[in-house]
1. Would it be correct to say that G79 is in a loop (DSSP other than H, G, I, E, B) and within 26 Å of Q183 (Cβ to Cβ)?
2. What is the residue count in segment 134-164 for residues that are crowded, with 24+ Cβ neighbours inside 10 Å and at positive phi?
3. Among the candidates Q333, Q340, Q318, single out the residue that is of a type in the set (S, T, N, Q) and more than 26 Å from the chain's Cα centre (by Cα).
4. For the subset of segment 360-414 comprising residues that are more than 18 Å from N16 (Cα to Cα) and in contact with a His (Cβ under 9 Å, 6 or more places away or on another chain), which member is farthest from ligand 3 (Cβ to nearest atom)?
5. Checking the condition part of a loop (DSSP other than H, G, I, E, B), in contact (Cβ under 8 Å) with a residue 40 or more places away in the chain and in contact with a strand residue (DSSP E or B) (Cβ under 8 Å, 6 or more places away or on another chain), which residue from I376, I370 passes?
6. Hey, can you tell me all the residues within segment 61-106 that are surrounded by fewer than 24 Cβ atoms within 10 Å (Cβ to Cβ), more than 19 Å from the chain's Cα centre (by Cα) and not hydrophobic (A, V, I, L, M, F, W, C)?
7. Could you name every one of the strands (runs of 3 or more DSSP E) located completely within segment 197-294 that has at least 1 residues being without any contact (Cβ under 8 Å) to a residue 40 or more places away in the chain and farther than 30 Å from Q333 by Cα?
8. Does any residue in segment 21-32 that is β-branched (V, I, T) come within less than 7 Å, Cβ to Cβ, of a residue that is surrounded by fewer than 16 Cβ atoms within 10 Å (Cβ to Cβ) six or more places away or on a different chain, and which pairs are these?
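Nothing in this text is a laboratory measurement; each read-out follows from the coordinates by a stated rule. Quantities reported herein were computed from a predicted structural model and do not represent experimental measurements. FYI the Cβ positions are ideal-geometry reconstructions off the backbone, even for glycines, and counts take in every protein chain you see.
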Amino acid sequence: MTQLSINTARLISEINTLATFSDAPAPAVTRILYSGQDQAARVWLRQQILDAGLTIREDGLGNLFARWEGSEPGLPAVGTGSHIDAIPHSGKYDGVVGVLGGLEAIRALKEAGIKTKRSLELVMFTAEEPTRFGIGCLGSRAMAGTLKPADLLAMSDPEGNKLDELRQAAGFKKTLSGVQLAQDYYSSFIELHIEQGPRLERDNLQIGIVTSIAAPATLRVILHGDGGHAGATLMPGRKDALVAASEIVQEVERAAHESGSPDSVATVGLLQVHPGAVNSIPSKVTMEIDIRDTRLASRDGMVDRVIEKIEEVCGRRQIGHDVTILNRDNPCQSGEEIIQTAERVTQRLGYSYKKLVSRAYHDTLFMAQICPTAMIFVPSENGYSHRPEEFTADEEIAQGVEVLALTMAECANL
Ligand code: GLV
Ligand code: MN
Ligand code: MN
């Protein structure tokens, strides 16, 4: 088998440099879509890609495509990539390993003199994280056609800034109708990512080959109570929106514990209290609820149970409520042929591995709507992710890049 030389030192130095584009002090990373740091990181990333000799195209949302042409450039390409946006106070590997690792994979193939039949394309997806617009996988959803231009035009961030104005101010002025990709754009898509969970480390394995991605749903709930003076308003007749929210938070946890599925997870990760003063009764609460399971029926059962509880609590406490389902996505299955290719490559390289489900979502969930996909995972120390302590060893990242590169090369000669 072809020997590849992954330049681990170059890749790790790039990961460390990208981590410096952050709105939080190191080791934490915060990089929000279209922020100054996101823009600066993109300028830096474009230069690394150009230095590698790839050609760049960007769409109207800022999804970036970097292509290395194959010998038959008219054929659908093989894609790879991930995201560089980072949720508040997270780490430096989530998404970044798939973007810079994908770049290193293409560079390693180039440097080894391997020319594939199909072109290889690296994608840096705009905003996999839901931080700014409340919905994850913004760029890949639009690329798959799950979000249409009209949906994008209707979106604003919590400060009321319109997505359409922000993206143009960030320099992405092409039409939104040009974002959706054709169904035959890619012949396959393979994303490298950190596991973000403990299974590979626990089993002392080097590589994970993802067979499916769990189904995520997100609810935004706004509770309208009645505010007032915390000292002067007696308890009878109060309509405290936060106390109502607390009952709902408890139910979210119960729904996951009692779903009957070991894969159920449910989290209230965002709770905003208005007006947010110690001596003022909370009059309004905004909460966002994240609910997932590998089985659609279990995920939907939890969503329904939480909505029923919101109605019951709000009826009993006379609290107004708006419930918006921000997303309720299906799970996806990886392509059998890509799984088998990745497995063969991993075995040939002599790396230990297992096949596993991704409990986190990824842009691959949406790329799966337009082509066969798979993902390669590398271990996460202590299973940590979405926190500054996120860590994957240099050599483990390099091993993932090697598996990615050779899997892409095989897929690109089919
Ligand atoms: C992605 O970051 C997720 O929340 O799964
Ligand atoms: Mn993430
Ligand atoms: Mn990610």
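1. So G79 fails the test.
2. Of the residues in that region, 1 qualify.
3. Answer to the check: Q318.
4. Filtering segment 360-414 for residues that are more than 18 Å from N16 (Cα to Cα) and in contact with a His (Cβ under 9 Å, 6 or more places away or on another chain), the one farthest from ligand 3 (Cβ to nearest atom) comes out as I376.
5. I370
6. Result: R67, E69, G70, S71, E72, P73, G74, P76.
7. 265-274
8. Taking only residues 6 or more apart or on different chains, the pairs are T30/A24; T30/P88.
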